[in-house]
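The values are calculated or read from the model by the stated rules, or taken from the named source; none is laboratory data. Worth saying up front: this structure is predicted, and the values here are computed from it rather than measured. Cβ: placed from backbone, ideal geometry, glycine included. Neighbour counts: every protein chain shown.
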Amino acid sequence: MIFKSSTADVPEVTRVPRHLAIIMDGNGRWATKRLLPRVAGHMKGVEAVRTIVEACVQRGIGYLTLFAFSSENWRRPEEEVSLLMRLFVTALEREVVKMHANNIRLKVVGDLSRFSAELQRLIAEAERKTANNTGLTVTVCANYGGRWDITQAASKMVAANPGVHDYTEDMLAPHLAMAYAPEPDLFIRTGGEQRISNYLLWQLAYTELYFTDTYWPDFDGAALDAAIASYQQRERRFGRTSAQLAGDPN
Ligand code: IPE
Ligand code: IPE
Ligand code: MG
């Protein structure tokens with residue numbers, strides 16, 4: 001299925017966002033505040049993922065995309081990185097069966113080549129197992145960076161179009177890692193920071209942005225509803241005027 005590009009067309013706007021993209025931030029501070037090791041925050045963060053996946057199913061959201069590990073997160077202390085990798089492995093081992101039973105399709109996007117062979121195998125297996133599911137699509141961005149995504153898409157676009165020198169957006173877009181999904185309608189960042197941190201740079205062109213101070217482990221269905229309520233107040237103009245949206249062509 002080909003989705004409308006927000007820059008080439010005016011996409012359809014639905015009351016409930018079709019695609020929700022989240023930066024799950026604040027795990028470390030959640031733990032530190034409780035005098036716990038940072039990893040305790042990451043573990044609690046996995047529980048929040050479970051809660052939000054269920055909440056998205058209940059609310060009829062089609063695509064949920066979660067930033068789990070950025071291409072810059074390798075800069076963290078080795079011990080935290082390896083704990084995060086282990087958590088990723090156990091989460092996959094535990095959750096995929098349940099996701100499959102709930103008709104959820106799981107995708108993992110990012111430069112996976114840097115992950116262990118075991119993790120790569122688990123990811124491939126999980127994606128294969130859930131590939132034909134027709135419910136919520138959950139995408140986990142792992143060793144993902146928006147710049148990486150645009151760069152790898154550009155390389156593929158050039159290879160697919162030998163001899164071409166004039167490239168267009170619609171030639172690049174199909175090569176982006178998440179070409180199977182519409183552009184996000186709503187972006188949520190928990191944890192209080194107001195930045196994109198090299199997330200979906202291309203795809204967020206016309207996404208509504210929502211920032212909350214709530215730490216990711218505390219983010220629940222009610223917090224999600226507050227974000228959706230804020231989204232429903234927004235006027236998505238995609239370059240047009242308010243009057244045009246109201247039906248006045250002038
Ligand atoms: C987000 O929480 C999880 C990852 C980046 C893996 P953080 O670990 O960034 O938590 P804070 O920002 O230090 O509180
Ligand atoms: C962004 O959070 C990445 C993830 C949530 C996976 P960070 O905590 O790494 O972002 P910065 O470093 O504060 O920008
Ligand atoms: Mg952080």
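With the condition kept exactly as written, say whether any residue in the stretch 85-105 is surrounded by 14 or more Cβ atoms within 10 Å (Cβ to Cβ), of a type in the set (Lys, Arg) and within 16 Å of ligand 3 (Cβ to nearest atom). For the stretch 85-105, residues surrounded by 14 or more Cβ atoms within 10 Å (Cβ to Cβ), of a type in the set (Lys, Arg) and within 16 Å of ligand 3 (Cβ to nearest atom): absent. Restricting the first member to the stretch 200-226 and to residues that are of a type outside the set (A, V, I, L, M, F, W, C), and the second to residues that are surrounded by fewer than 17 Cβ atoms within 10 Å (Cβ to Cβ) and in a helix (DSSP H, G or I), the beta-carbon pairs closer than 7 Å and six or more apart or on different chains are Tyr210/Ser230; Tyr215/Arg29; Asp220/Thr51; Gly221/Thr51.
Can you pull out every residue in the stretch 47-106 that is out of contact with any Ser or Thr (no Cβ under 8 Å at 6 or more places or on another chain) and of a type in the set (Asp, Glu)? Glu47, Glu54, Glu78, Glu79, Glu80, Glu93, Glu95 - these are the residues of the stretch 47-106 that are out of contact with any Ser or Thr (no Cβ under 8 Å at 6 or more places or on another chain) and of a type in the set (Asp, Glu). Of all the criteria given as (1) within 16 Å of ligand 1 (Cβ to nearest atom); (2) modelled with pLDDT under 95, the one not satisfied by Ser197 is (2).
In summary, Ala153 fulfils each of the numbered conditions (1) of a type outside the set (Val, Ile, Thr); (2) modelled with pLDDT under 95; (3) within 19 Å of Tyr180 (Cα to Cα) with the single exception of condition (2).
For the stretch 68-82, filtering for residues that are surrounded by 11 or more Cβ atoms within 10 Å (Cβ to Cβ) and near ligand 2 (Cβ under 10 Å from one of its atoms) leaves 7.
Could you say whether any residue in the stretch 51-60 is within 16 Å of ligand 2 (Cβ to nearest atom), modelled with pLDDT of 95 or more and in contact with a Cys (Cβ under 9 Å, 6 or more places away or on another chain)? No, the stretch 51-60 contains no residue that is within 16 Å of ligand 2 (Cβ to nearest atom), modelled with pLDDT of 95 or more and in contact with a Cys (Cβ under 9 Å, 6 or more places away or on another chain).
Conditions tested, residue by residue: (1) loosely packed, with under 14 Cβ neighbours inside 10 Å; (2) acidic (Asp, Glu).
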| position | (1), (2) |
| --- | --- |
| Val108 | no, no |
| Ser113 | yes, no |
| Gln120 | no, no |
| Lys129 | no, no |
| Thr139 | no, no |
| Tyr144 | no, no |
| Ile150 | no, no |
| Ala154 | no, no |
| Asp170 | yes, yes |
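Looking across the stretch 166-195 at every residue that is out of contact with any Phe, Trp or Tyr (no Cβ under 6 Å at 6 or more places or on another chain), touching a residue at least 12 places away in the same chain (Cβ under 8 Å) and within 16 Å of ligand 2 (Cβ to nearest atom), the one that is farthest from Ala226 (Cα to Cα) is identified as Ala177.
Of all residues in the stretch 219-237, which are among the aromatic types (Phe, Trp, Tyr) and closer than 17 Å to Gly60 by Cα? Steps first, answer last, please.
Here is the first cut: in the stretch 219-237, the ones among the aromatic types (Phe, Trp, Tyr) are 219, 231.
Result: Tyr231, single match.
In the stretch 1-50, what residues are touching a residue at least 24 places away in the same chain (Cβ under 8 Å), polar (S, T, N, Q) and within 16 Å of ligand 1 (Cβ to nearest atom)? Passing the criteria: only Asn27.
Test Arg114 against the criterion of being more than 16 Å from ligand 1 (Cβ to nearest atom) and on the phi < 0 side of the Ramachandran plot, and give yes or no.
Criteria not met by Arg114.
Please verify whether Pro37 is out of contact with any Pro (no Cβ under 6 Å at 6 or more places or on another chain) and within 16 Å of ligand 2 (Cβ to nearest atom), treating the condition exactly as stated. Here the answer is no, as Pro37 does not meet what is asked.
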